[in-house]
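Input: a single structure, listed below in structure tokens.
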Amino acid sequence: MVEQSESESRKLLSRLQAVMAEAAAGQERLDRITHLIADSMGTEVCSIYLLRDADTLELCATQGLAAEAVHVTRMRIGEGLVGRVARQARPINTPNAPAERGFRYMPETGEEAYSSFLGVPIQRLGERLGVLVVQSKEARKFSGDEVYALEVVAMVIAEMTELGAFIGEGAAMSARHQQQVLLRGSVGQEGAAMGHVWLHEPRVVVTKPVSDDPETEAQRLRDAVAQLRLDVDEMLTRAPTADAEQREVLEAYRMFARSRGWMRRMEEDIQRGLSAEAAVEKEQSTARARMETLPDAYLRERLHDLDDLSNRLLRLLTGQGTDTGAELPPDPILVARNIGPAELLDYGRRLKGVVLEEGSVGSHAAIVARALAIPLVIHAKRITTEALNGDPILVDGDEGIVHLRPEETVAQAFRDKLAMQAEAQERYASIRDKPAESLCGTVVSLQMNAGLMADLPSLPSSGAEGVGLFRTELQFLTRNKVPRRGELAALYARVIDAAQGKRVVFRTLDIGSDKVLPYMKPTEEPNPALGWRAIRVGLDKPGVMRMQLQALIRAANGGPLSVMFPFIAQLEEFTAARDHLMREMEREATLGHTLPEKLEIGAMLETPSLAFAPRQFFEMADFISIGGNDLKQFFFAADRENERVRKRYDTLNVSFLTFLEQIVHRCSDTGTPLSFCGEDAGRPLEAICFAAMGLRTLSMRPASIGPVKSILRRVDLREARSVINEARAEGAQSVRPAVMEWLRRQ
Ligand code: PEP
Ligand code: MG
């Protein structure tokens, strides 16, 4: 019986292939396919619904329903039984469709006569493409074999859709991957960019989904799987024993590569007429569809592993490597599921932007993107399945939005925005050497954030007065072992040289929890942002921090040196970190090295607790810098990585501003210099409010200096302060609307 149904579906597939091979316009092909399926399955109706846009399905061909309904009947995802199949990405099989929950009668189709309904999703690698339906008058439930056969056919239709087999004159259908797609992700790094897609890992294209030689295909699959197992074993022998995380992933790979269930399902698909690669992809599609619905993060990760493994297997089967011969476009926007910091640095500043399907604000890739000042959008779901190499793409890093294959009007609006920004940058050049002095005569020092040697050339052109934050993580993240002291000292010395006498504040290693160094033993923590990170690691395991401090002292080479410790939460952490530095100074002196002529030791205020530290802390710190990115997340208890809660709390919320004001007071009581170096410092409106609250130093990405300086020079901060005070007195939640209104009136 099974054998018979296998050969039935094989027959169906080879008839399908014959239809595909015939020269026909897209619509005609679709019509023939519905006819053929209805005929083979013995049903009165067969219909193909394809997605017109991200959430509308359209009846594109039918055998049995009213012909007038074709390209007329539409439904949204989730609407009616067809819409439900698309949403759930699972078949619906019922003998009595009208009695089903959500059934929606479409009078124009004349479908009232049909009782049984079987609908299966048409999907490719988790991407919804449409729904394939058969219906019959007789009230019967379709057998498991029939469901399976229809799924296999849907898979082939999906491949054909992907290859553009149904596009043609009169088809009233546009090809997949030609429509505009808008994806909403999260902000990884601000900025806007326009360019063309460069896929970090190009998609594998399956050109031959059907085969009538199951034995050969099964053998090809077995050979490829055998090779895959060898590859995984080899990776495991090469993986460092200390890297528990990497080994865990590889062990999961090994488990999947040896999974009998996986192999059996693929072999069954081949017996039913799929080629080996189509069988792998069918499994991969099912896994991806499941991935979207799994609540358990661990299981989702494992399905990701399976996905990676399937890609490897597909590359083995098709011989398609990651090098497709495609050339990096002149304006590349990198698209990837995720990317490591070293790989991103390899691309370097050639990239105009980066869009990741995963990633996180604190991820290594985000740190590199921030250091390179490349706009980055993360959590852009589906980008790797939607985008093709060379597609036009717009990245709006300010909003976390991506427009793929934008329509001309959208592209034009974006071009206008970029042109305005470029024009503004030119205007800013004229005030580059002027101070950021407000109309009331208050001077605010604007500094830049940096993290790479390559950033330093932008110091003179940006108009920054110095480097308010030099993040030192990158040199550690991009290597596979701890950098040597000599190397670091040489690099820091070059940074100091490039600054040409301007002050550079070096922040010691801010690493740990989710920012795991490749050579550091990972620790599982339930709340990494609240975990063992930054100075906590530095104090518990001081070896690396001490080495870094020595490198900094040597790099200063007798000149001034500013060192800042990250994530200080209480006085004692600061005194302990400071003691380490003082001990290193003594040690360096006894070794005969010249000591810095002036040493400033500061702390980053990133946890609310530090604002309430004893007065001694404020007296002891040579300077304090507010790390607003972290401080805000802890102040509102709203994860900076979590888009849902992150946007809920405005930086200009009165509570936060009042809190900043308190910090300003505490610092002015002790005469401690205070700055703000989180991303918010670079936003003009925020910068005005911070300055109005008394902050006199702001450190930001170089491109923000012009806009911030320009606006500060045009406002009276005393007025801004009274607008803020009024809004506070009136019980406003945020002062933003009031300040915006005041600026508009200027
Ligand atoms: C901050 O938290 O504001 C900050 C500058 O540090 P980072 O963004 O590197 O965590
Ligand atoms: Mg921080």
Helices (runs of 4 or more DSSP H) contained entirely in region 305-423, each with at least 1 residues that are more than 16 Å from ligand 1 (Cβ to nearest atom) and at negative phi: 341-347, 383-386
Number of positions in region 45-64 that are aliphatic (A, V, I, L, M) and free of Cβ contacts under 8 Å to residues at least 60 places away in the same chain: 2
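One line per residue, one yes/no per condition, for (1) part of a loop (DSSP other than H, G, I, E, B); (2) under 30 Å from TYR298 (Cα atoms); (3) open to solvent by 50 Å² or more (accessible area, probe 1.4 Å); (4) touching an Asp or Glu at 6+ places or on another chain (Cβ under 7 Å):
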site: SER461; (1), (2), (3), (4): no, no, yes, no
site: VAL467; (1), (2), (3), (4): no, no, no, no
site: GLY486; (1), (2), (3), (4): no, no, yes, no
site: ALA493; (1), (2), (3), (4): no, no, no, no
site: VAL504; (1), (2), (3), (4): no, no, no, no
site: LEU509; (1), (2), (3), (4): yes, yes, no, yes
site: LEU539; (1), (2), (3), (4): no, no, no, yes
Scope region 113-148; condition open to solvent by 20 Å² or more (accessible area, probe 1.4 Å), assigned to a loop (DSSP other than H, G, I, E, B) and more than 15 Å from LYS282 (Cα to Cα); matching residues: TYR114, SER115, LYS137, GLU138, ALA139, ARG140, LYS141, SER143
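So, in region 670-696, of the ones that are within 20 Å of ALA371 (Cβ to Cβ) and more than 26 Å from the chain's Cα centre (by Cα), which residue ends up least open to solvent (accessible area, probe 1.4 Å)? Lay out the reasoning, then the answer.
Narrowing region 670-696 to residues within 20 Å of ALA371 (Cβ to Cβ): 675-683.
Subset that is more than 26 Å from the chain's Cα centre (by Cα): 675-676.
Working: SER675: 18, PHE676: 1 Å².
Residue satisfying both the conditions and the ranking: PHE676.
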Residue among PHE659, PHE635 that alone is more than 21 Å from LEU469 (Cα to Cα) and within 16 Å of ligand 2 (Cβ to nearest atom): PHE635
Strands (runs of 3 or more DSSP E) lying entirely in region 179-262 (those with 2 or more residues that are open to solvent by less than 50 Å² (accessible area, probe 1.4 Å) and either farther than 27 Å from GLU525 by Cα or in contact with a Ser or Thr (Cβ under 6 Å, 6 or more places away or on another chain) (or both)): 181-184, 192-199
Residue within region 332-344 that is of a type in the set (Val, Ile, Thr), in contact with a strand residue (DSSP E or B) (Cβ under 9 Å, 6 or more places away or on another chain) and open to solvent by 50 Å² or more (accessible area, probe 1.4 Å) present: no
Whichever residue in region 610-634 is surrounded by fewer than 20 Cβ atoms within 10 Å (Cβ to Cβ) and under 18 Å from ASN527 (Cα atoms) and, among such residues, is farthest from ligand 1 (Cβ to nearest atom): PHE634
Pairs, first over 11 Å from CYS677 (Cβ atoms) in region 622-633, second near ligand 2 (Cβ under 10 Å from one of its atoms) and not aromatic (Phe, Trp, Tyr), C-beta under 6 Å, six or more apart: GLN633/ARG640
Options LEU657, LEU605: the member that is open to solvent by less than 10 Å² (accessible area, probe 1.4 Å), more than 14 Å from ligand 1 (Cβ to nearest atom) and either free of Cβ contacts under 8 Å to residues at least 24 places away in the same chain or under 31 Å from the mean Cα position of the chain (by Cα) (or both): LEU657
Where a residue in region 559-571 is more than 15 Å from LEU549 (Cβ to Cβ) and in a strand (DSSP E or B) and its partner, wherever it lies, is within 16 Å of ligand 1 (Cβ to nearest atom) and open to solvent by 10 Å² or more (accessible area, probe 1.4 Å), with Cβ under 8 Å and at least six apart: PHE567/ARG533; PHE567/ARG536; PHE567/THR607; ILE568/THR607
When residues of region 697-731 are limited to those that are over 25 Å from ASP398 (Cα atoms) and assigned to a loop (DSSP other than H, G, I, E, B), the one least open to solvent (accessible area, probe 1.4 Å): ASP716
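Within region 675-697, how many residues are at negative phi and away from ligand 2 (no atom under 16 Å from the Cβ)?
First, pick out the residues of region 675-697 that are at negative phi: 675-693, 695-697.
Pick out the ones that are also away from ligand 2 (no atom under 16 Å from the Cβ) and you get 683-693, 695-697.
Of the residues in that region, 14 qualify.
For region 115-141, what are the residues that are hydroxyl-bearing (Ser, Thr, Tyr) and farther than 19 Å from LEU36 by Cα?
Here is the first cut: in region 115-141, the residues hydroxyl-bearing (Ser, Thr, Tyr) are 115-116, 136.
Within region 115-141, just SER115 meets the criteria.
When you look at THR672, is it within 16 Å of ligand 1 (Cβ to nearest atom), in contact with a strand residue (DSSP E or B) (Cβ under 9 Å, 6 or more places away or on another chain), in contact (Cβ under 8 Å) with a residue 12 or more places away in the chain and on the phi < 0 side of the Ramachandran plot, yes or no?
Working: within 16 Å of ligand 1 (Cβ to nearest atom): no; in contact with a strand residue (DSSP E or B) (Cβ under 9 Å, 6 or more places away or on another chain): yes; in contact (Cβ under 8 Å) with a residue 12 or more places away in the chain: yes; on the phi < 0 side of the Ramachandran plot: yes.
For THR672, the condition - within 16 Å of ligand 1 (Cβ to nearest atom), in contact with a strand residue (DSSP E or B) (Cβ under 9 Å, 6 or more places away or on another chain), in contact (Cβ under 8 Å) with a residue 12 or more places away in the chain and on the phi < 0 side of the Ramachandran plot - is not met.
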Unique match (being open to solvent by 10 Å² or more (accessible area, probe 1.4 Å) and more than 16 Å from ligand 2 (Cβ to nearest atom)) among ARG583, ARG640, ARG646: ARG583
Index of the failed condition, LEU65 passing every other in (1) surrounded by fewer than 23 Cβ atoms within 10 Å (Cβ to Cβ); (2) modelled with pLDDT of 90 or more; (3) over 18 Å from LEU12 (Cα atoms): (1)
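The values are calculated or read from the model by the stated rules, or taken from the named source; none is laboratory data. These numbers come from a predicted model, not from an experiment. All Cβ positions, glycine included, derive from the backbone under ideal geometry; neighbour counts span all protein chains shown. The protein model used for the area step is the full one, side chains on, heavy atoms only, and it has no ligands, DNA or RNA in it. Shrake-Rupley method; radii C 1.70, N 1.55, O 1.52, S 1.80 Å.
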